[in-house]
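Structure, as structure tokens:
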Amino acid sequence: MPRSVLVGSFTSPKMEFAIDMGNPFFNRTVDGFLKIGAVGASKVLAEETYDCLRKGSISKGKFEDALKKMCKEGAYWGKIAIKIDGTVAGVYVGMEYGMERIRGTRDWKNAMLGGALTGALISAASNNGRDKVIRDAITAGAVATAAELVCYLT
């Protein structure tokens, strides 16, 4: 019986650009804002594509409305991220950057240490007990490490 085998690998297209704010901390903060905004815009794109496929048609007006909605949603997600998670993200970025400067290298260990310190600081600032602070430090370190390792895989 004949069979075929697929040999090779699939890669996703990468589009990288940088905005230089003159400070590595600010550069990473802006990068995070843009990535979160892209998630919001992608969400709208998926929803609008589904609506068009379900209805079986697309018009110029619908297309323009979808673009406007994508821009609004992207900005909204970025704004919410700055309001709610901005403090945590700022502390984390600062901690990770500090670890990079102290250790003199850029690797996943900086994310782990930065995440753990951020988790501990935010938890301690919330007047949590010692056990909760330690659990939050471990959790934040694990999440930051996992996110960093996922970035290495892509």
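The values are calculated or read from the model by the stated rules, or taken from the named source; none is laboratory data. Predicted, not measured: the structure shown is a model, and the values here were computed from it. Note that we place each Cβ from the backbone using ideal geometry, even for glycine, and neighbour counts take in every protein chain shown.
Do the conditions hold for ALA120, that is, is it in contact with a Phe, Trp or Tyr (Cβ under 9 Å, 6 or more places away or on another chain) and in a helix (DSSP H, G or I)? Outline the logic, then answer.
On the way: in contact with a Phe, Trp or Tyr (Cβ under 9 Å, 6 or more places away or on another chain): no; in a helix (DSSP H, G or I): yes.
So ALA120 does not fit the description; no.
Which residue is modelled with the lowest pLDDT, if the candidates are limited to the stretch 56-83 and must be surrounded by 13 or more Cβ atoms within 10 Å (Cβ to Cβ) and of a type in the set (D, E, K, R)?
Per the stated criteria, the residue is LYS79.
Look through THR87, THR105, THR139 and report the one residue that is hydroxyl-bearing (Ser, Thr, Tyr), at pLDDT 80 or above and within 19 Å of PRO24 (Cα to Cα).
THR105
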